[in-house]
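*Asks:* Take this structure, written in structure tokens, and hold onto it; I'll ask about it next.
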Amino acid sequence: MPKPMINEGDFKLQESLGKIKHVVIVLSGKGGVGKSTVSSNLAITMAQKGLQVGLMDIDITGPNIPKMFGIEDEQIMVDDNRKLIPVIVPPSMKVMSMAFLLPSKDAPVIWRGPVKMGAIRQFLEDVNWGDLDYLVIDMPPGTGDEAISIMQLIPKADGVVIVTTPQDVSLLDSRKSITFAAESKVPIIGIIENMSGFVCPHCGEVTDIFKSGGGKETATEFDIQFLGRVPIEPAIVLSGDSGMPVVISHPESASAKAFEEITDKVLKTVG
């Protein structure tokens, strides 16, 4: 019986992702919930544990990951096989972002759907990740065409991490993300409730500006692991703007400790 033919695109994709042991997708039902902040701190915390980690920023219209690591001015190199070489962030993390391919930091991406889909596929195919223990993918927000295409192109994903905030509108969208992951047949690793209480920098008192507990309630309702709460702190805002994730700049902060616990749960779940 003849073997099914593999087209060139599928072969290139398998080649690009072939040396990656685990793929974790960070997803949110809407923008503005801190998905890129979660992706950045999750990936760098893994790297600090001695793992070989890649972080892929595939949000075409809002690629923020390079800013969060202070590498937005880096120039992307190409290897002998015409593959893109990710930017190295100490201690052992590789970063690739759509932002590196734009003509300038202020250049908008005004592409129609088919062009975006082609760019996403090429982006996934043409990066030389090498050997990785984990690849963390920072997805575009929502559950539209871009997210669908990425989920279809990465069938080996170990699971998704869903980011929400305690607000009702965000929790509603997180439910859509849960359904989206289930229909895509990708396991759900768990839910993170971001911006869960404001920590006063002077007295340490926590104030629930956006309420609290909705993420855990949603996890319980859908029988999904609750990974933890990440509070709002001035440190986490300043660290992202200064190009140094909070787990590095303020390792003793409440948010850094939350990311440490969340990362341990993700690693334990994925294996």
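The values are calculated or read from the model by the stated rules, or taken from the named source; none is laboratory data. Note that this is a predicted model, so its numbers are computed, not measured. Here the Cβ positions follow ideal geometry from the backbone for every residue, glycine too, while neighbour counts run over all protein chains shown. Note: areas computed on protein heavy atoms with side chains; ligands, DNA, RNA excluded. Shrake-Rupley method; radii C 1.70, N 1.55, O 1.52, S 1.80 Å.
*Asks:* Quote the relative contact order of the chain in percent (integer), defining contacts as alpha-carbon pairs under 8 Å separated by 6+ residues. Let's see the in-between values first.
*Replies:* On the way: 531 pairs, mean separation 66.4, N = 271.
Averaging sequence separation for qualifying contacts and normalising by length gives 24 percent for the chain.
*Asks:* Filter the GluC sites (Glu not before Pro) in segment 162-223 to those in DSSP coil with at most 13 other Cβ atoms within 10 Å of their Cβ, and list the result.
*Replies:* Details: sites: 183, 193, 205, 217, 221; in loops: 205.
Answer in residue order: 205.
*Asks:* Could you give log10 I(q)/I(0) at q = 0.27, 0.30 Å⁻¹ for segment 27-74, computed by the Debye formula over C-alpha point scatterers of equal weight, without solvent?
*Replies:* With no solvent term, the Cα-only Debye profile gives -1.13, -1.25.
*Asks:* With the cut-off at 1.5 for a/c, could you classify segment 123-271 from its C-alpha gyration tensor as rounded, prolate or oblate?
*Replies:* Values: a/c = 1.93, a/b = 1.34, b/c = 1.44.
Oblate is the answer for segment 123-271, as a/c is 1.5 or above yet b/c matches or exceeds a/b.
*Asks:* What number comes out for accessible area per residue over the chain if the probe is 1.4 Å? Units Å², please. Spell out each step's value before the answer.
*Replies:* Working: 13100 Å² over 271 residues.
Value for the chain: 48 Å² per residue.
*Asks:* Something else: After finding the eigenvalues of the alpha carbon gyration tensor for segment 186-247, what semi-axes result from the square roots of 5 times each, listed largest first in whole Å?
*Replies:* Each semi-axis is √(5λ); the values are 25, 16, 7 Å.
*Asks:* Quick one: helix 168-183 against the long Cα principal axis of the chain, what's the angle to the nearest 10°, folded into 0 to 90?
*Replies:* Its long axis makes an angle of about 30 degrees.
*Asks:* With the contact rule set at Cα under 8 Å and sequence spacing of 6 or more, what percent relative contact order holds for segment 178-249? Intermediate results must be reported in sequence, preceding the final value.
*Replies:* On the way: 93 pairs, mean separation 22.9, N = 72.
Relative CO of segment 178-249 lands at 32 percent.
*Asks:* Using a Förster distance of 22 angstrom, determine the FRET efficiency expected from the C-beta separation of residue 205 and residue 175, and round it to 0.05.
*Replies:* Numbers: r = 31 Å, r/R0 = 1.41.
That gives a FRET efficiency of 0.10.
*Asks:* How would you classify segment 33-161 from its alpha-carbon gyration tensor, with a ≥ b ≥ c the square roots of the eigenvalues: rounded for a/c under 1.5, else prolate if a/b is greater than b/c, otherwise oblate?
*Replies:* On the way: a/c = 1.33, a/b = 1.20, b/c = 1.11.
Taking the square roots of the gyration eigenvalues as a ≥ b ≥ c, segment 33-161 is rounded.
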